[in-house]
Amino acid sequence: MLPVIIAIVVAVVFAYMFGFIGRKSGGAKPTTPTTPRTPRSSAASVAERDSHPVLVLFGSQTGTAEMYAKTLVREAQNVGVPAALQDVETYDHMNRLETE
């Protein structure tokens, strides 16, 4: 299970690096939204209904994944989705997995 978690974290880091950082250096001016953002979204409604908080795990040697994970948690909390952050090295996966 740990290799799967690590693979997901690595995939998210690569998606961030090549998807978001590359766009910012393009020189395009950001557009302002024409409609105001709503503080609640359908994702927040689903999260409240299911009452399962989101746990964002990160593994980083340079701090990039940690920075992205913190941003992800902050954005989730901004829309009302309960989220927490934890380093993958300190995550106790053996005691948190459900038995099959």
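Bear in mind these aren't lab numbers, they're just calculated from the coordinates by the rules spelled out. Predicted model only: the values in this text are computed from it and were never measured. Because the Cβ atoms are built from the backbone with ideal geometry, glycine has one as well, and the counts that use them run over all protein chains shown.
What's the local net charge at residue 83, with K and R +1, D and E -1, over the other residues with C-beta under 11 Å away?
That sum, taken over residues with Cβ under 11 Å, equals +1.
Approximating the spin labels as points 7 Å out from Cα along Cα→Cβ, the residue 61-to-residue 78 distance works out to 3.1 nm.
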